[in-house]
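Worksheet for the structure shown next.
The values are calculated or read from the model by the stated rules, or taken from the named source; none is laboratory data. Values in this document were obtained by computation on a predicted structure and should not be read as measured data. Every residue, glycine among them, receives a Cβ derived from its backbone with ideal geometry; neighbour counts consider all protein chains shown. Just so you know, the surface numbers come from the protein's heavy atoms only, side chains and all, with ligands and any DNA or RNA stripped out. Shrake-Rupley method; radii C 1.70, N 1.55, O 1.52, S 1.80 Å.
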Amino acid sequence: MGTVRDGETGEPLAAATVSFTDLDRFATADANGRYELFDIPAGPHRVLVRFMGYVPRSLQALVPPSGVLEINISLHSEPVRLQALEVNAQPGRASSDVVSNAFPDRIASMGALWNHPLLAEPDAFQAVEGGEVVQRPESPSGLHVRGGMSDQTAYLIDDVPVFSPYHAAGVFSAWNPDALAEVQLQSSEPSPEYGSALSGALVAQTRTPGANIHAQGGISTTQARLTTDGPLGIGSVRYLVSMRSNSPGFVAPRGEGSYLRGEAGDRLATVESPLLGGRLRLLGYDNENEINTAAGAHGRNAFDWRSTSMGAEWRRAFSQTTVRVLGWSATGRAGSAWSGTIAPVIMQWSRADAGMLASVQHSSDHAATVAGVRVERSNTSYRVRLDPPAGHAWPLEGQTPLTTVFAHHTRTLGHGLALALGTAAAVAERRAYLAPRAQLRWSQASWLALSASYARTHQFAQSLRNPESVVGSVFPVDLYMGAAAPGMPVAQSDQGVIAAAFRPTAALSIGLQAYARHSDGLVLVAPREGEPFATTGIIVGSGSARGMSVDAALNTSRYGLFVSYGLQRVRMHYRGGSYVPDHGARHVIDGGVIAYPTPSTSIRLGLSGQFGRRTTVSSGFEWESCNLMDRGCELAGSPHYGGEPLGGMALPAYLRADLGVRKHWQLTLAGRETVIALFGTVTNTFARKNVMTYVRDPATGRLDAVTMRPLAPLVIGVDWRF
């Protein structure tokens, strides 16, 4: 075991390969640069360490008859000019999600996303879906991890918080995949460094800018994107800039009032530079959306939201100790003019957070310890009023200061055993909240890993959006309100997870897990009213979730196959009542296959299914997701479910098949290697009429099914890299 780091900056080199060449055994370094190899016979062995862009290093290791040998390795960068290569990446969940050092948590590299059988286009959020991670079919509006609501997942880019990073109307993630290196969902043992969130955190790492100018992008029927990176021409300073935009209503027929209107876009920029013997990284991120829908006789419903995040991190390694300082500012705002059942409703929301984190990590032969402090302040504001202004008004304000002290210790116990213990003590409103966590992991060589973990988490801001309203399909923003506001509780969750990861052969991997979770102090909007967001107040309740999941993947050089199955029982409880939430489908199945008939061609088939879904019946409206085949992209009406039981209607099984083809060419333009790719995907290939919800006719009381996409939509586009 040991770590692999950059010899100049001390940065960990994730995915570096450490191999014992005489034994044909190897390991890959994780996100912290750490690697482990078990059951190495005693005696001298040759060790070879490789990482792209660095000088390979070879050394002799003398393995003792007993105990643990730790070898920490530094590599020095070396520019490498590569010849044109034909590369077949493997499916997204083949190795990154099923068998990894982080299992049962999920990791997905951006390279794997391009060959994910279920994705018409690469998407950082949808790549981690499966098993215990559920999204709403057709119109995802957040990650539901082990039964949690979408606002219980924190989202971060380079460890900087980001609010509501998704778009409406068919484009989900507001993170450009061209700008990212990988995403990791930490949920079984979430790190307190990432803030307070009940379900865990989805953390994205941006790409390291290259030494030469590089550009890539694409244009399709859903979006246009562009990313460039390279040196700034000032010493060793490098940059990355990414932009993306989409217009969900561009296919709408002229004069057709029921179609969605609006636009959306996101931008990201990073700068990296050596500083004071370490590395400085700056980040700027912005996401904005403006959407409006038909509201019948009242005109149109309007929604807008925007989030901005800025951060600076300095990190330096001193032998076996790494010092890290991070500062950030994150803001979000949203507004809506909604045609409510009584009168038009005006809603305005804002959140402004600022904070700083300082931590020290020390590693030794058998252990690693991280300790630090996180200080932050969150200002939240929420205002609802009826139009005209003389009507009802409900203002909420809250300023929530939060200080968290945390420590985490990992120790190797021998015989493949490793124990991780940690705790976080958060102080808010003169009260302390203790969050212990522990994990025991046992590994047998590289083919078997078992783990058991427990974590208590708290959340000091919760959303006032109604997740049971179908309006979330076009207005998915989470409207956070801090615990300092009147009537707002601090949520608490206790979770236990047991997991096993098998790799009987190099091509086959299998992962299994089971979990149980209970949460208290949850803000529930749905039981109080049927509007898309809170207008008069909230109800405080609890939630329970338990379930299991199985993931399996098979990879060869010519094809890849994966399947994921999740069984869950999710229920929300309040004032003597309870309901199954919209995301609480009993059975969730995903599967897919990708084949490479030629080195530059791929064909993919993806299957998705949910069984045991529940829905809440709403009043009259029309709904059809964006697609080209019948120029759909509409939501008309102002859905409301006054008097209807929550989750009171069972839905038929949801099934969808997607078929896609991708072809790329490698060229040399202006002396640079260039890749151009054409792709096309037909989703819902067999034109199945999946029922998304039911609507009740207010005049007759009759129930009608709202079906989804009777004609298959088409996603086509072109990607390029230069």
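Overview of results
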read-out	value
Segment LEU678-ALA354, length gained on full extension (0.36 nm per residue, minus Cα span)	112.4 nm
Virtual spin-label span in nm between SER600 and LEU48, 7 Å along Cα→Cβ	3.0
Sum of side-chain charges, PHE163 neighbourhood, beta-carbon under 11 Å (Lys, Arg +1; Asp, Glu -1)	0
Accessible area of the chain belonging to carbon and sulfur atoms, whole % at 1.4 Å probe	59
Peptide ranges 456-462, 505-511 listed from the most packed, as the mean C-beta count within 10 angstrom indicates	456-462, 505-511
Distance in nm between pseudo-label sites at SER544 and VAL691 (7 Å out along the Cβ direction from Cα)	2.8
Sorted largest first, extent of the range 396-466 alpha carbons per principal axis (Å)	55, 30, 13
Principal axis box of the range 550-606, alpha-carbon based, largest edge first, Å	60, 17, 11
Highest average packing first - 318-331, 667-680, 526-539, 548-561, Cβ atoms within 10 Å	526-539, 548-561, 318-331, 667-680
Estimated distance in nm for a label pair at LEU434 and LEU275, the labels positioned 7 Å out from Cα along Cα-to-Cβ	3.8
The chain - convex hull of the alpha-carbon atoms, volume per residue in Å³	150
Förster radius 45 Å - calculated FRET efficiency between ASP520 and ASP387 (Cβ-Cβ, nearest 0.05)	0.80
Cut-off 17 Å (backbone N to label point 7 Å along Cα→Cβ of THR536), residues of the range 645-681	645-646
Charge dipole (debye, nearest 20) of the range 636-722; +1 at Cβ of Lys and Arg, -1 at Cβ of Asp and Glu	240
Size descriptor, Kirkwood hydrodynamic radius, that averages inverse alpha-carbon separations across the range 510-599, Å	16.1
Heavy-atom surface of the chain, accessible at 1.4 Å and reported per residue (Å²)	39
The range 540-673, relative contact order [Cα under 8 Å, separation at least 6], %	20
Dimensionless Rg/Rh of the range 345-407 - Kirkwood Rh, Rg from C-alpha atoms	1.37
Stretchable slack from PHE26 to SER446, in nm (0.36 nm times residue separation minus alpha-carbon distance)	150.3 nm
For the chain, calculated [θ]222 nm from helices alone, where every DSSP H run of n ≥ 4 adds -39500 (n - 2.57)	0 deg cm²/dmol
Lys, Arg +1 and Asp, Glu -1 on Cβ, resulting dipole of the chain about Cα centre, debye, nearest 20	480
Stretch gain in nm, segment TRP665-HIS415, where the contour uses 0.36 nm per residue and the Cα spacing is subtracted	85.1 nm
Antiparallel DSSP beta bridges within the range 566-660, percent to nearest 5	100
